[in-house]
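The values are calculated or read from the model by the stated rules, or taken from the named source; none is laboratory data. Since we're looking at a predicted model, the values are computed, not measured. Neighbour counts are summed over all protein chains in view; Cβ atoms, including those assigned to glycine, are modelled from backbone coordinates with ideal geometry. Side chains included, ligands, DNA and RNA excluded: accessible areas come from the protein's heavy atoms. Shrake-Rupley method; radii C 1.70, N 1.55, O 1.52, S 1.80 Å.
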Amino acid sequence: MMLASSLIQPSPWQATAMIATIVLTSSTGEVLTAAAMKSMGDLDDIRAHSGIKGAIRAVVTRPLFVAGIFFMAVAFFSLLFALNHMNLSLVGPAAASLTLVTNTIAAKLFLHENVDRRRWTAAVLVCIGVYLLAH
Amino acid sequence: MAHHRLSIKQYLILAFVSVSVPLGDASLSRGMTSLPAISLAHPLTLIAAVFTPWIALGILLLIGYFASYLTALSWADLTYVMPATALGNVFVALLAHFWLHETISPLRWMGVALITVGVGFVAQGPASTTPPLNLPAPINQAENLPLDDVFEKEQVR
């Protein structure tokens with residue numbers, strides 16, 4: 001098996017496309033999952049009412065949840081593909097911190113969360129913090 | 001709902017979301033490094049690895065993470081839960097420094113500080129700013145409404 005360093009390095013456009021794929025599929029998966037969970041109300045209440053099996057059934061039978069898991073799986077395999085062509089030190093922090101920003105935008109647009117100045121500031125601080133931690 | 005505050009139990013769930021990922025990853029890493037090198041020619045050895053104590057513990061922690069993450073998303077915004085997840089990175093850095101005596105560079109300490117401040121910003125605000133998507137506002141706001149009524153209305157719909 002060849003090491004990533006022995007492979008031909010991707011062009012900047014290819015690297016951008018790979019990271020963008022991870023970020024977009026990951027955000028789509030997380031937003032769909034969040035929408036699924038938001039649509040069912042407090043899971044603790046459901047578990048108290050229907051038991052753990054009822055709670056699991058309530059979650060896994062949601063089409064939005066299934067779609068979310070599908071996109072998360074695509075994101076995972078996109079990550080594996082990118083790691084096969086690029087270094088973890090680039091892909092890891094870039095994907096993690098950019099996903100925070102795209103999640104915030106998607107949460108505002110699609111989940112209609114009230115992303116005020118406080119949450120934007122937090123998202124940007126955490127995004128930079130995650131990037132710095134990986135260096 | 002716009003000023004939904006969390007209970008102690010819900011804060012504990014968020015705390016578990018934060019610490020379970022780094023602990024799970026660390027368990028997986030410890031388990032995998034203690035095993036002899038696994039070749040892709042013998043993929044079944046990967047399945048056997050799942051039943052070793054450290055890897056089994058890591059998998060249990062990550063299953064626990066996903067369950068608590070989903071639970072948190074059922075009563076808190078995604079933009080509220082995300083920073084809590086990132087707090088796990090801070091936990092790893094502190095663990096590495098104070099327990100494993102690893103050297104943390106100034107840039108990483110800055111990262112720790114930024115994440116902590118970011119989480120502090122979000123934690124001061126409401127956990128949820130939206131009603132559940134499929135439930136009409138009256139049901140969502142009527143906290144004392146028996147759950148049976150909610151489920152019946154859901155089924156009718």
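Side notes on the structure shown:
- The angle between the Cα long axis of helix A:63-85 and the longest principal axis of the Cα atoms of chain A comes to about 20 degrees, rounded to the nearest 10.
- Heavy atoms of A:E30: accessible area, 1.4 Å probe, square angstrom to 10: 40 Å²
- With a 1.4 angstrom probe, the accessible area lost at the A-B interface totals about 3700 Å².
- Over the protein assembly as shown, DSSP H runs of length four or greater, each weighted -39,500 (n - 2.57), average out per residue to a 222 nm ellipticity of -25500 deg cm²/dmol.
- Dipole-positive endmost among A:V101, A:A134, A:T16 within chain A (Cβ charges, Cα centre): A:V101
- 13 Å beta-carbon shell around B:N89, net charge (K/R +1, D/E -1): 0
- Think of each Lys and Arg Cβ as +1 and each Asp and Glu Cβ as -1; about the Cα centre, that makes the dipole of the stretch A:19-113 roughly 200 debye.
- Exposure check, 1.4 Å probe, all protein chains in place: A:M86 carries approximately 10 Å² of accessible surface.
- Charge dipole (debye, nearest 20) of the protein assembly as shown; +1 at Cβ of Lys and Arg, -1 at Cβ of Asp and Glu: 260 debye
- Per-residue surface analysis assigns A:K38 an accessible area of about 10 Å², computed on protein heavy atoms at 1.4 Å probe radius.
- To put it simply, the accessible area of the protein assembly as shown at a 1.4 Å probe is 71 percent carbon and sulfur.
- Accessible surface calculations at 1.4 Å, restricted to protein heavy atoms, place the protein assembly as shown at 55 Å² per residue.
- Among B:V17, A:V74, the order of accessible area from largest down is A:V74, B:V17, computed with a 1.4 Å probe on protein heavy atoms.
- When A:V66, A:V31, A:V101 are compared by accessible area at a 1.4 angstrom probe, the order from most to least is A:V66, A:V101, A:V31.
- Listing of the stretch B:60-82 residues, each with accessible area lower by at least 30 Å² in the full protein assembly than in the chain alone (probe 1.4 Å): B:F66, B:Y69, B:L70, B:T71, B:L73, B:S74, B:L78, B:T79, B:M82
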